[in-house]
Amino acid sequence: MYQNGKVRAPYAQLEDWMNAMPAQLRTLKQAEAEDLFRRIGITFAVYGEGGDPDRLIPFDMFPRVFTGAEWGRLEKGIKQRARALNAFLVDVYGRGEIVRAGRIPARLVYQNEAYEKAVAGIKPPKGVYSHIVGIDIVRTGPDEFFVLEDNCRTPSGVSYMLENREIMMRMFPDLFRGNRIEPVDRYPDLLRRTLASVAPPKCSKDPTIVLLTPGPFNSAYYEHSFLADLMGIELVEGQDLFVEGEFVWMRTTEGPKRVDVIYRRIDDAYIDPLCFRPDSTLGVPGVMDVYRSGGVSLCSAPGAGVADDKAVYTFVPEMVRFYLGEEPILKNVPTWQCGRQDDLGYVLDNLADLVVKEVHGSGGYGMLVGPKATKEQVETFRAKITADPGNYIAQPTLALSTTPTFVAEGVAPRHVDLRPYCLVGERIELVPGALTRVALTEGSLVVNSSQGGGVKDTWVLAE
């Protein structure tokens with residue numbers, strides 16, 4: 001919000017709003033927001049920790065603001081990255097030209113646990129493997145943005161982006177009258193259009209689209225039902241679908257109905273027990289055979305996870321250069337791969353100053369934030385890295401930007417990141433907004449909701 005001791009222009013009107021809000025009103029508004037979240041049913045699930053697993057995600061009322069020019073640069077970089085990631089996926093499940101050219105080690109691709117051999121040789125409709133790309137971005141200065149990681153499988157959280165905006169508009173309508181803020185409510189329509197645009201070759205009519213969920217015990221089930229409702233499509237579980245002949249069918253009260261596009265929110269391993277995990281009860285037996293023959297589209301495609309592996313991440317700038325012939329607009333965070341002997345030595349010598357992550361970790365788990373860790377935690381991680389170096393990467397602790405956040409004593413800076421959702425189909429599109437996650441604990445760099453983080457509305461000001 002502040003730069004060189006002065007309020008940054010995008011936040012000018014918010015400073016007056018903040019100063020004019022007495023503490024009692026802020027407390028009432030915070031309670032109102034929580035009540036709205038509870039009534040709407042916006043929860044996330046955390047299992048294995050005892051107590052009620054369904055929890056309200058903490059919501060901060062102070063929005064994060066971008067100018068139109070700032071967003072324009074981000075949008076170009078995000079779209080560029082999404083194009084390169086999809087080109088990489090088409091390539092490594094085809095001829096593997098980037099590996100042949102020596103631009104990325106073969107072992108990182110073909111020995112990667114996220115690489116699905118069953119998908120090799122399949123080119124999905126429009127050449128798209130990852131249809132919803134969630135790119136996690138951090139800001140370190142006025143004009144400096146870095147990509148922390150890419151999410152090419154089933155990135156979650158977009159429901160919070162939409163509901164954060166809805167709740168802010170309900171509670172503070174005057175703010176929206178006084179600021180020209182780009183809308184985000186087109187997202188469900190854009191998502192449906194994206195899914196329809198990648199209908200399979202055997203679909204000769206308006207495609208029937210369904211959202212495949214693992215069911216109500218999944219941590220993101222609220223989002224699954226929310227998106228299906230907004231798109232006007234059926235929310236289904238594996239038992240609602242079956243394969244017969246060359247197609248996938250949905251059981252309905254009026255008899256079987258053919259399904260053309262499945263927006264799947266289940267992991268690769270559970271999609272088809274005849275192809276992947278034989279003990280899966282969440283998927284649809286035989287669906288991969290239909291997918292191979294062009295009878296159904298799976299969004300995002302199985303195998304897309306090899307592109308968002310944290311070791312492969314280090315090569316995304318090279319993908320941009322190799323496939324697009326362009327220089328990356330968005331930078332990667334400098335990264336050491338512990339599987340490399342030289343990198344390993346540096347990481348072990350500097351553990352207390354680095355952030356270390358498991359290659360396949362997520363949700364803020366399986367990571368070490370060196371400057372915030374105890375000596376015991378550092379040594380525990382040292383032993384883990386030494387035992388399996390290839391399972392870890394390390395990055396410097398960045399000076400992450402902060403945004404004003406309402407806390408018990410008033411307003412204080414807290415670290416944030418940003419997750420825009422890029423839709424890839426016949427076109428590449430994203431709405432002018434994103435999920436801003438905020439580390440509510442003072443000094444914390446971990447923004448994940450499962451680790452105590454919260455969310456806030458993200459504004460892009462119209463030019």
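Projecting the Cα positions of Ala434, Asn350, Phe381 onto the charge dipole of the range 320-463 (unit charges on Cβ atoms of Lys, Arg, Asp and Glu, taken about the Cα centre) puts Phe381 furthest along the positive direction. Size of the chain: Rg and Dmax of its alpha carbons, in Å, are 22.4, 68. Other residues within the sphere of radius under 14 Å centred on the Cβ of Gly96, judged by their own Cβ, net out at +4 (K and R +1, D and E -1).
Three principal axis extents describe the C-alpha atoms of the range 233-362; from largest down they are 64, 36, 24 Å. Close amide H contacts of Val407 (hydrogens built in the peptide plane, cut-off under 5 Å, sequence separation of 5 or more or a different chain): Ala412. Solvent exposure of Thr27, expressed as accessible area, is near 90 Å², computed with a probe of 1.4 Å over the protein chains only. Other residues lying with their Cβ under 10 Å from the Cβ of Ala196 contribute a combined charge of -1, Lys and Arg counting +1, Asp and Glu -1.
For the range 355-463, the set of chymotrypsin sites (Phe, Trp or Tyr not before Pro) satisfying both a DSSP loop assignment and a count of at most 13 other C-beta atoms within 10 Å is given as Tyr365. For the range 106-200, the average shadow cast by the Cα convex hull is 9.8 nm², which is a quarter of the hull's surface.
When the charge dipole of the range 180-234 is built from unit charges on Cβ atoms (+1 for Lys and Arg, -1 for Asp and Glu) and taken about the Cα centre, the candidate among Pro201, Ile181, Ser225 whose Cα reaches farthest toward its positive end is Pro201.
For the chain, hydrophobic long helices are taken as DSSP H runs at least 30 Å long by C-alpha position along their axis with mean Kyte-Doolittle hydropathy of -0.5 or more; these are 68-92. For the range 176-268, applying the loop criterion from DSSP together with a ceiling of 11 other beta carbons within 10 Å to the chymotrypsin sites (Phe, Trp or Tyr not before Pro) yields Phe217. Each Lys and Arg adds +1 at its Cβ and each Asp and Glu adds -1 at its Cβ; summed about the Cα centre, the chain shows a dipole of about 820 debye.
Counting heavy atoms of the protein chains alone, Lys357 has an accessible area of about 20 Å² for a 1.4 Å probe.
The values are calculated or read from the model by the stated rules, or taken from the named source; none is laboratory data. As the structure is a computational prediction, the values presented were derived from the model and not from experiment. Here Cβ is always computed from backbone atoms with ideal geometry, including for glycine, and neighbour counts include all displayed protein chains. Note: accessible area is taken over every heavy atom of the protein model, side chains too, but ligands, DNA and RNA are not part of it. Shrake-Rupley method; radii C 1.70, N 1.55, O 1.52, S 1.80 Å.
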